[in-house]
Every structure is written in C-alpha cells, then in structure tokens.
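Working notes, structure below.
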Amino acid sequence: MNTGRPLTPSDAQSLQPPSCDGSKPYHYHTSVQVIYGNRNWNTSTEGVGLEFQTIQNWQTASGAWFGPFEEARGESVAVLGATVAHQLFITPGSNPIGQQIAYVINSSV
C-alpha cells in the first residue's frame, strides 16, 4: 500500500541546500501528441514550476514564460520549443502566441 504523497513546492523549497541556486520540482514528464487545427506533432512535455526557466537559463524567442499568477492558479500554459512551434504553426505568418493547442497523452509510454 502506498501511503506517500506528492511533494509540494513548499517541500521542494525546504529540501533545497543553502548553496543551491534552485531546485527543479517536476510535476510530470510524459510523451504527448500536441494538436493545433489540422496539424499535430508527437513530443515530450514537462510540468514545471516557475523557477525552471531561471534554473535552466532558458530565454524565450518571443512571448513570455508563465508568471506567478498563472502558477498560483494552476493554469495550463504551454511554452513551445522551436521544433514544436514550427511543426504546428508552419504556415507563413502563423503566430503561436495566444493560441490554444490540444494534447493527448500517449498511453504507450
């Protein structure tokens, strides 16, 4: 019988060593099929906290990383990598910012 519980952001913070710049509490990592209109692409997805961008030192080419408001509300926000953005929004002039995409979790993973 599993009596454990998932780690919370507060748990992750309390486990962080004093000399560490940040921790990466993943919520999930899985394979998904992302869909926009009649286009779709198989990729991986990671549910991460707000600090992930700073820890990874990732810069956004356009748009913005999600903020504390979205994180606190548990909103679904997609930050697309260049390959996924290109595959879903390949039509010249298509802009993924502000669009809604769908996803299906691949059950074979």
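Taken over the range 67-100, the criterion of being β-branched (Val, Ile, Thr) and within 14 Å of the chain's Cα centre (by Cα) is satisfied by Val77, Val79, Val84. Scanning the range 60-93 for residues that are in contact with a Phe, Trp or Tyr (Cβ under 9 Å, 6 or more places away or on another chain) and part of a loop (DSSP other than H, G, I, E, B) gives Trp65, Glu75, Val77, Ala78, Val79, Leu80, Phe89. Give the residue that is nearest to Asn106 (Cα to Cα), with candidates limited to residues of the range 38-62 that are of a type in the set (Gly, Ala, Ser) and modelled with pLDDT under 90. Filtering first and then ranking leaves Gly47.
Taking (1) closer than 21 Å to Thr8 by Cβ; (2) in contact (Cβ under 8 Å) with a residue 40 or more places away in the chain in turn, Val84 satisfies each apart from (1). Select from the range 86-109 the residues that are touching a strand residue (DSSP E or B) at 6+ places or on another chain (Cβ under 6 Å) and modelled with pLDDT under 90 and write down the one among them that is surrounded by the most Cβ atoms within 10 Å (Cβ to Cβ). Result: Tyr103.
The values are calculated or read from the model by the stated rules, or taken from the named source; none is laboratory data. The structure displayed is predicted, hence computed values, not measured ones. Every residue, glycine among them, receives a Cβ derived from its backbone with ideal geometry; neighbour counts consider all protein chains shown.
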